[in-house]
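First comes the structure, then the notes that go with it.
Here, each number is a calculation from the coordinates, and none is a lab measurement. Bear in mind the structure is a predicted one, so any value in this text is a computation, not a measurement. Neighbour counts are summed over all protein chains in view; Cβ atoms, including those assigned to glycine, are modelled from backbone coordinates with ideal geometry.
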Amino acid sequence: MVATKTIELRTEIPGPRTREILERERRAVARPLLVHGPIVAAEARGATITDVDGNTFLDFVGGVGVLNVGHNHPRVVQAVSAQVERFFHTDYTVIAYELYVELAERLGALAPMTGERRSGFFNAGTEAVENAVKLARLHTRRHAVIAFDGAFHGRTLLALTMTSRTHPYKTGLGPFAPEVYRAPFPNAYRGPDAKTALAALERMFATHVPANHVAAIVFEPQQGEGGFIPAPAEFVEGLRRLCDEHGIVLVADEVQTGFGRTGRMFGMEHFDVEPDLVVVAKSIAGGLPLSGVIGRAEIMDSAHEGAIGGTFIGNPVALAAAIAVLDVFEEEDLVARAVSIGSAIRERMLEWRSRWAQVGDVRGLGAMLAIELVRDSETREPAAELATAVVDEALQRGLVLLKAGVYGNCIRVLCPLTISDGELDEGLGVFEDALAAALVYA
Ligand SMILES: Cc1ncc(COP(=O)(O)O)c(C=O)c1O
């Protein structure tokens with residue numbers, strides 16, 4: 001038995017029961033979904049997951065940024081159980097419930113914008129992105145949307161069109177939605193810089209789509225799937241200026257950056273400008289499916305009644321969880337916690353960068369941090385297979401990690417913000433051991 005403080009491995013990984021389930025999985029579950037690691041969850045608490053073989057892992061992925069309050073936070077569990085006893089569903093467009101209004105009030109008050117605000121809730125991030133675009137189109141009476149190189153906005157047709165990664169997301173899935181235009185996103189490690197990216201965007205108004213045809217510019221304050229690339233302040237200010245000049249709706253996709261991850265409640269709080277619409281999902285409801293659009297009232301209210309909707313928009317159980325999540329943020333001061341977790345992680349990652357030339361870059365805001373692995377620090381050639389090897393080595397040692405980046409060569413940390421100092425230190429130690437082990441074979 002390999003044992004550290006929290007991680008406890010009782011069998012080889014995968015264990016016998018896990019292997020048996022994964023055998024059955026191949027005969028029952030669609031192949032495109034079989035991309036996960038060799039681990040089958042039985043229970044999860046805080047920053048740990050115990051598998052069906054009784055092995056306990058530390059979770060640095062949090063369901064891909066969904067569990068900022070940790071697995072099964074007692075407050076969330078209690079709120080969900082209480083709501084389950086009351087009612088599950090009415091369809092909000094048929095019968096209203098107070099939870100919807102309460103979350104709209106509370107999130108509206110927290111949103112990184114001034115003036116009157118309105119909110120609408122949905123299910124997945126992709127759905128909220130599409131609804132933000134619908135609202136922008138109805139408000140501006142224009143069609144075009146500008147999204148960025150390396151963006152990830154979801155997998156439904158319009159959001160997938162806005163997403164910018166061919167394999168595995170887009171390959172074979174065209175034709176895509178019309179009227180989506182792509183501009184460069186600044187990247188301090190690989191270029192372009194903010195000025196060049198903004199100039200290219202302005203040039204697009206002459207070469208691709210006139211500015212007065214553009215309904216929305218949609219961007220991530222820090223790109224997530226694209227490789228944890230923070231938007232420079234100069235760039236975000238430039239986007240705001242262009243939107244103001246041309247009457248374009250500025251949409252911040254905060255699906256991954258929201259709910260404290262970047263050391264602020266919303267990633268946009270790092271900048272001196274306000275978005276018009278904010279898209280939220282992932283950590284909003286502590287693990288239950290919920291998403292939303294929060295925005296300036298004049299935009300949100302300019303659509304006709306019934307223009308947006310859906311059977312499951314804002315499920316009451318998920319809304320109850322979301323309200324509990326906001327309570328947890330207040331009671332446990334998780335935004336401040338994200339700052340201290342972030343500096344501990346960054347410090348370790350910077351050490352790795354100074355020790356190993358293959359750790360080409362360390363970047364991110366708050367506790368939304370990643371390393372970018374390269375074959376050679378001069379050429380910066382992406383080392384995707386090295387990143388895969390690190391993730392595999394980490395899992396064998398009891399730590400769940402996940403890659404990111406258009407080249408698949410970044411490893412990100414999205415651990416619960418409720419993680420203890422001891423767990424964080426233990427997880428970073430395992431991350432470091434996995435890096436060292438993978439580098440031996442590189
Ligand atoms: C920034 C961003 N937008 C949108 C989405 C899509 O969210 P969902 O997977 O809930 O549809 C994601 C998912 O990773 C995301 O990171």
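Count the net charge of all other residues whose Cβ sits under 15 Å from the Cβ of residue 149, scoring Lys and Arg as +1 and Asp and Glu as -1.
Once positives and negatives cancel, what remains is +1.
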Those GluC sites (Glu not before Pro) from region 363-442 that are DSSP loop and have at most 15 other Cβ neighbours within 10 Å turn out to be 378
Once residue 301 and residue 272 are pulled to full extension, the length gained, defined as 0.36 nm per residue separation minus their Cα-Cα distance, is 7.9 nm
Around residue 437, what is the net charge, scoring Lys/Arg as +1 and Asp/Glu as -1 over all other residues with Cβ under 12 Å from its Cβ?
-3
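Could you compute the FRET efficiency for residue 105 and residue 441, with r as their C-beta to C-beta distance and R0 at 51 Å, rounded to 0.05? The partial results should precede the final answer.
Numbers: r = 54 Å, r/R0 = 1.06.
Here the calculated transfer efficiency is 0.40.
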Cα gyration tensor, the chain - rounded (a/c under 1.5), prolate or oblate
oblate
Kyte-Doolittle mean at least 1.6 and Cα extent at least 30 Å along the axis: which DSSP H helices of the chain qualify?
none
Name the long-range amide H neighbours of residue 249: under 5 Å, sequence gap of 5 or more, or other chain; modelled H, no Pro or chain starts.
216, 217
Just to confirm my numbers, what's the Cα centroid distance between region 373-442 and region 198-251 in Å?
32 Å
Highest-first arrangement of 227-233, 215-221, where packing means the average Cβ count within 10 Å
215-221, 227-233
Can you tell me the relative contact order of the chain? Whole percent, Cα pairs under 8 Å, sequence separation 6 or more.
22 percent
Going Cα to Cα from residue 403, which lysines come in below 24 Å? Please leave out same-chain ones fewer than 8 positions away.
170, 282
Treat every Asp and Glu Cβ in the chain as -1 and every Lys and Arg Cβ as +1, leave all other atoms uncharged, and give the resulting dipole magnitude about the Cα centre to the nearest 20 debye.
1040 debye
Checking rank on 160-170, 124-134, with mean other Cβ inside 10 Å and highest first, the result is 124-134, 160-170
Mind ranking 402-408, 103-109, 285-291 by how tightly packed they are, going by the mean number of other C-beta atoms within 10 angstrom, highest first?
285-291, 402-408, 103-109
Surrounding net charge for residue 211, when Lys and Arg each add one and Asp and Glu each subtract one, Cβ distance under 9 Å
-2
